[in-house]
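Since the structure comes first, as structure tokens, the remarks are kept for the end.
The values are calculated or read from the model by the stated rules, or taken from the named source; none is laboratory data. This is a predicted model, so every value here is computed, not measured. Here the Cβ positions follow ideal geometry from the backbone for every residue, glycine too, while neighbour counts run over all protein chains shown.
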Amino acid sequence: MPKDRRLVVISIDALTDDDIRRAGDTPNLDSIRERGAYIPNINGIYPSLTHPCHATIITGRTPGVHGIVSNEDFSKPGRPWFNDLSDLKSRSVIDCLKGCGKTVASCRWPVTANGFDRIDYLIPEITSETLIKDDILGYYLDNSSPILKDIIEEHIVMLDLKSQPEEDLFSTACACEILRCFRPDVLFTHPACVDTYKHHTGIRSSKTLEMVRLADRMVGDLIQATRDAGTFESTVFVVLSDHGHNELDREIALNEVFRRDGKGDRLVADECGHSAQIYVNGMAESEAFEYLQSKVGDESGIERVFTKEELRERYGTFGAFSFMVESDAHTQFSNAIGTEIETRLTVDDHHGCSTHGHMPEKSPKPIFMAAGPNIAHRTITEASMLQEAPTFLKVMGIEAPDLETPLDIFRD
Ligand SMILES: [Zn+2]
Ligand SMILES: [Zn+2]
């Protein structure tokens, strides 16, 4: 293993094989697949939400083990997002890399905020605009590595937190500068515009496909930045995604369903898009299970009920909730109460066209591709998301015997 081996991991949120085929004109993704390894179907985790998935991608652990069981922390008042690296309950590849003396950059990778003790070049992903008030620059400077001050000041004009792809253009420009100026051993970054436009305009809209082509340009910019830095030849590029999407046309207020059925305070749903986690208070779990089972197939949109034993066994997903319910194909859940049970969604609604959070067995699935030194040219039909973290470590010459086997993408 050459000492100067480097790794760039680009997570294009919600990208699928179908997107790449439909988008056309994706020369940078095509070149990675043509040179390297491609896995069009990654079996992910449940619920298939962005923060739990990204936590799995960097820990190689399931949500029950790494502790990021949803995007938001149900146990805390106001349900803040899981943002901080310290929210992870298990060791991540960042810890392993740091322990081996490698330098690490994280540019808006979920669940890495405030990880200054382990991340050399950190720009956090900010998921609560209310924290920022009117001072975006001040917020970013306060929450990013001080050494990145000039890069952030130079590019902040590109950022509009209410708008995509501006967030990604800012993030990618900063990531490119980090690659050029500091040549970190490993960089993680996370363009999210494809996910945003799928939610708002649908899986196959022209706007979504435009974002796929734009994300491809971002990959191209990151590759070019390594050429500028003189590190291209020693860098393995990984492009992956966290989940696919499924289309929908209605939202069901699950807590309102429970209230009207007289279960009120005793059953509380916390939505995860196409699924929900169900907390039980002062009610026998057997009674709760019987009730939830009785809702399967009715107007509540519940397609399937998982007990906590099933969730642990099948997905390694466990927490303070007692059940998860999966929605039918065209429904997402909300936490609303005191409203109508069913809302028909239109393109003007937030998440009005498609979403995720569904069982990871459902298609379309996320992808993984890699190219660079020692990466074989091959296609593997499917693999597990749990294999990605040990693969990053293997690229960097670090063994992780306690994790799953790395993906079979290496030449030797
Ligand atoms: Zn996502
Ligand atoms: Zn999303």
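Quick rundown of the values:
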read-out: Residue in segment 368-391 that is farthest from ligand 2 (Cβ to nearest atom), counting only those that are among the β-branched types (Val, Ile, Thr) and over 20 Å from THR62 (Cβ atoms); value: ILE375
read-out: Members of segment 303-318 that are touching a helix residue (DSSP H, G or I) at 6+ places or on another chain (Cβ under 6 Å) and in contact (Cβ under 8 Å) with a residue 40 or more places away in the chain; value: GLY316, THR317, PHE318
read-out: Test set (1) more than 16 Å from the chain's Cα centre (by Cα); (2) within 16 Å of ligand 2 (Cβ to nearest atom) - ASN71 fails condition number; value: (1)
read-out: Lone qualifier among ARG217, ARG213, ARG204, ARG227 - being free of Cβ contacts under 8 Å to residues at least 24 places away in the same chain and either more than 15 Å from ligand 2 (Cβ to nearest atom) or surrounded by 24 or more Cβ atoms within 10 Å (Cβ to Cβ) (or both); value: ARG227
read-out: Pairs where the first residue, in segment 176-197, is in contact (Cβ under 8 Å) with a residue 24 or more places away in the chain and the second is among the aromatic types (Phe, Trp, Tyr), C-beta under 6 Å, 6+ apart; value: ILE178/TYR121; PHE182/TYR121; PRO184/TYR121; PHE188/TRP109; HIS190/TRP109
read-out: Enumeration of residues in segment 229-267 that are of a type in the set (Phe, Trp, Tyr), over 30 Å from THR189 (Cβ atoms) and out of contact with any Gly (no Cβ under 8 Å at 6 or more places or on another chain); value: none
read-out: Those residues of segment 230-254 which are within 16 Å of ligand 2 (Cβ to nearest atom) and more than 25 Å from ASP408 (Cβ to Cβ), in sequence order; value: HIS245, ASN246, GLU247, LEU248, GLU251
read-out: Residues located in segment 24-54, provided they are in a loop (DSSP other than H, G, I, E, B) and farther than 16 Å from ALA389 by Cα; value: GLY24, ASP25, THR26, GLY36, PRO40, TYR46, PRO47, SER48, LEU49
read-out: Only one of ILE119, ILE94 that is among the hydrophobic types (A, V, I, L, M, F, W, C), part of a loop (DSSP other than H, G, I, E, B) and within 23 Å of ILE57 (Cβ to Cβ); value: ILE119
read-out: Qualifying residue in segment 231-253 (condition: without any contact (Cβ under 8 Å) to a residue 24 or more places away in the chain, surrounded by fewer than 21 Cβ atoms within 10 Å (Cβ to Cβ) and out of contact with any strand residue (DSSP E or B) (no Cβ under 8 Å at 6 or more places or on another chain)); value: yes
read-out: Which numbered condition LYS162 fails, given (1) under 21 Å from the mean Cα position of the chain (by Cα); (2) crowded, with 16+ Cβ neighbours inside 10 Å; value: (2)
read-out: Subset of segment 313-335 that is of a type in the set (A, V, I, L, M) and modelled with pLDDT of 95 or more - its residue that is surrounded by the most Cβ atoms within 10 Å (Cβ to Cβ); value: MET324
read-out: Selection within segment 256-268 - outside any loop (DSSP other than H, G, I, E, B) and surrounded by fewer than 24 Cβ atoms within 10 Å (Cβ to Cβ); value: GLU256, VAL257, PHE258, ARG259, ARG260, GLY264, ASP265, ARG266, VAL268
read-out: Test: MET324 is of a type outside the set (Val, Ile, Thr), away from ligand 1 (no atom under 16 Å from the Cβ) and assigned by TED's automatic domain parsing to the domain that holds SER286; value: yes
read-out: Residue that is farthest from PRO165 (Cα to Cα) [pool: residues in segment 206-233 that are β-branched (Val, Ile, Thr) and out of contact with any Asp or Glu (no Cβ under 7 Å at 6 or more places or on another chain)]; value: THR231
read-out: Which listed residue is more than 16 Å from ligand 2 (Cβ to nearest atom), part of a loop (DSSP other than H, G, I, E, B) and within 24 Å of GLY244 (Cα to Cα), from ARG61, ARG21; value: ARG61
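For every residue, the table says whether it meets (1) farther than 19 Å from PRO52 by Cβ; (2) in a strand (DSSP E or B); (3) aliphatic (A, V, I, L, M); (4) in the same structural domain as LEU49 (by TED's automatic domain parsing).
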| position | (1), (2), (3), (4) |
| --- | --- |
| ASP270 | no, yes, no, no |
| GLY273 | no, no, no, no |
| MET283 | yes, no, yes, no |
| ALA288 | yes, no, yes, no |
| TYR291 | yes, no, no, no |
| GLY297 | yes, no, no, no |
| VAL305 | yes, yes, yes, no |
| GLU309 | yes, no, no, no |
| GLY319 | no, no, no, no |
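This table checks each residue for (1) crowded, with 18+ Cβ neighbours inside 10 Å; (2) modelled with pLDDT of 95 or more; (3) not basic (Lys, Arg).
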site: PRO2; (1), (2), (3): no, no, yes
site: ARG5; (1), (2), (3): yes, yes, no
site: ILE10; (1), (2), (3): yes, yes, yes
site: ALA14; (1), (2), (3): yes, yes, yes
site: ASP17; (1), (2), (3): yes, yes, yes
site: TYR38; (1), (2), (3): yes, yes, yes
site: ASN43; (1), (2), (3): no, yes, yes
site: CYS53; (1), (2), (3): yes, yes, yes
site: THR56; (1), (2), (3): yes, yes, yes
